[in-house]
Amino acid sequence: MFIHFGMSTFVANELPDGRAPAATYQPDRLDAGQWVSVARDAGMKYAVLTAKHVAGHCLWPTRYTDYSVVNSADHTDVVEKFVRACEEKLVLPGLYYCSWDNHNRFGSQTPSDPAGWDAAFTTSRYQSFQTAQITELLTQYGPIAETWIDIPGVLGRGYRTFLYQHIASLQPDTIVMMNSGISTQDSYDIEYAWPSDLIAIERRLPSAEGYRRWREIEGREYYIPGEVCEPIGKEWFWVEGDSPRSDEALARQSTDCRTRKVNLLLDVPPDRHGLIPESSIKALDRLRASVGK
């Protein structure tokens, strides 16, 4: 289960400008245990939480920015609650971190700026900030099964390689995902996402012939599994009126992922209360019944 939750939930914008006050984030019934229970009951083996997304707001009390739960209406360390719930319910915890940050810029340009994607980059000051925050996430909460780095292209090959090695040094057993983006991934963009332990197939499926797990990269063969990620509805974050896709569509996607030999990381976003809606829970119940464990 992918769990997109944070400032975007409260400003109704997947890609906010990062200017909303920290107090805008204000869940009133936050229950990370419920999220993980839903994942477990749906037969999911691991869950990945968006610790920091494009808004730059952090779901843990980081020491490196005041734009976090510390100054929000609800001070809960969501990462702590999430990881402890995963341990209790025997679901492996994963954490997502976005390199596109519209609040904590340190001189960087992001895809939100007028020049767009082609001109986006991160400065060395921002990269030091990201390293410090990743270090917090991977040293304060115990074992993390998957470390998901989004928008890795803005980091550059040099820093991205350093970051991969740093993550591996902090948590040798974690799986590192550098998100390679919206594509069937028949071809892999090395300059955008390498090195990575997984290849992301966002909002797509691999070709009908099946996913190629072995890839030749710069003269060497690597075993790199594929992970399809897509929301249960249309939006990554909860949006009022965004219902789960049809039972048939969800079952078909699950079956296609199995037959094409990739994993499915299905996003099921909590609402503004901090709870996964009943409509999503029922859709997952029906999905598990239709496709089995």
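The values are calculated or read from the model by the stated rules, or taken from the named source; none is laboratory data. Since the model is a prediction, treat every value here as computed from it, not as a measurement. Glycine also receives a Cβ, built like all others from the backbone with ideal geometry; neighbour counts cover every protein chain displayed.
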Counting just the residues of the range 265-293 that are assigned to a loop (DSSP other than H, G, I, E, B), under 22 Å from the mean Cα position of the chain (by Cα) and not charged (D, E, K, R), which one comes out surrounded by the fewest Cβ atoms within 10 Å (Cβ to Cβ)? His273
Of (1) more than 30 Å from Glu278 (Cβ to Cβ); (2) touching an Asp or Glu at 6+ places or on another chain (Cβ under 8 Å), Glu235 satisfies every one except (1)
Which condition does Leu15 not pass, out of (1) touching a strand residue (DSSP E or B) at 6+ places or on another chain (Cβ under 7 Å); (2) within 23 Å of Lys234 (Cα to Cα); (3) in contact (Cβ under 8 Å) with a residue 60 or more places away in the chain, if it passes all the others? (1)
Apart from one, (1) touching a Leu at 6+ places or on another chain (Cβ under 6 Å); (2) among the charged types (D, E, K, R); (3) touching a residue at least 60 places away in the same chain (Cβ under 8 Å) all hold for Glu227; the odd one out is (3)
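Listed here are the residues, each with its yes/no results for (1) surrounded by fewer than 21 Cβ atoms within 10 Å (Cβ to Cβ); (2) among the polar types (S, T, N, Q).
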| residue | (1), (2) |
| --- | --- |
| Ala85 | no, no |
| Val91 | no, no |
| Asp101 | no, no |
| Thr110 | no, yes |
| Gly116 | yes, no |
| Ala120 | yes, no |
| Thr123 | yes, yes |
Can you tell me which of Val262, Val228 is at pLDDT 95 or above, farther than 29 Å from Asp118 by Cα, in contact with a strand residue (DSSP E or B) (Cβ under 7 Å, 6 or more places away or on another chain) and buried (at least 19 other Cβ atoms within 10 Å of the Cβ)? Val262
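To keep it simple, each residue is scored yes or no on (1) under 19 Å from the mean Cα position of the chain (by Cα); (2) of a type in the set (S, T, N, Q).
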| residue | (1), (2) |
| --- | --- |
| Gly226 | yes, no |
| Pro231 | yes, no |
| Lys234 | yes, no |
| Asp247 | no, no |
| Leu250 | no, no |
| Thr255 | no, yes |
| Val262 | yes, no |
Of residues in the range 1-59 being farther than 29 Å from Leu90 by Cβ and acidic (Asp, Glu), the one farthest from the chain's Cα centre (by Cα): Asp17
Could you grab me the full set of residues in the range 230-261 that are without any contact (Cβ under 8 Å) to a residue 40 or more places away in the chain and not in a loop (DSSP other than H, G, I, E, B)? Glu230, Glu248, Ala249, Leu250, Arg252, Ser254, Thr255, Arg258
Residues that are acidic (Asp, Glu) and within 17 Å of Glu146 (Cβ to Cβ): find the helices (runs of 4 or more DSSP H) completely inside the range 1-107 holding 1 or more of those. 78-89
Among the residues of the range 142-159, are any touching an Asp or Glu at 6+ places or on another chain (Cβ under 6 Å), of a type outside the set (A, V, I, L, M) and surrounded by 21 or more Cβ atoms within 10 Å (Cβ to Cβ)? no
In the list Ile199, Ile217, which residue meets the criterion of being within 19 Å of Met177 (Cβ to Cβ), of a type in the set (A, V, I, L, M) and surrounded by fewer than 16 Cβ atoms within 10 Å (Cβ to Cβ)? Ile217
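Determine whether the range 232-248 contains at least one residue that is among the hydroxyl-bearing types (Ser, Thr, Tyr), within 30 Å of Ser128 (Cβ to Cβ) and touching a helix residue (DSSP H, G or I) at 6+ places or on another chain (Cβ under 7 Å). Step through it out loud before you land on a result.
Quick first cut of the range 232-248, residues among the hydroxyl-bearing types (Ser, Thr, Tyr) only: 243, 246.
If we keep only those that are within 30 Å of Ser128 (Cβ to Cβ) too, we end up with none.
No, because not a single residue in the range 232-248 is among the hydroxyl-bearing types (Ser, Thr, Tyr), within 30 Å of Ser128 (Cβ to Cβ) and touching a helix residue (DSSP H, G or I) at 6+ places or on another chain (Cβ under 7 Å).
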Would you check which residues across the range 60-88 are within 20 Å of the chain's Cα centre (by Cα) and under 21 Å from Gly43 (Cα atoms) and list them? Lys81, Phe82, Val83, Arg84, Ala85, Cys86, Glu87
Selected residue (only one of Leu30, Leu59 is hydrophobic (A, V, I, L, M, F, W, C), over 30 Å from Gly292 (Cβ atoms), free of Cβ contacts under 8 Å to residues at least 60 places away in the same chain and buried (at least 18 other Cβ atoms within 10 Å of the Cβ)): Leu59
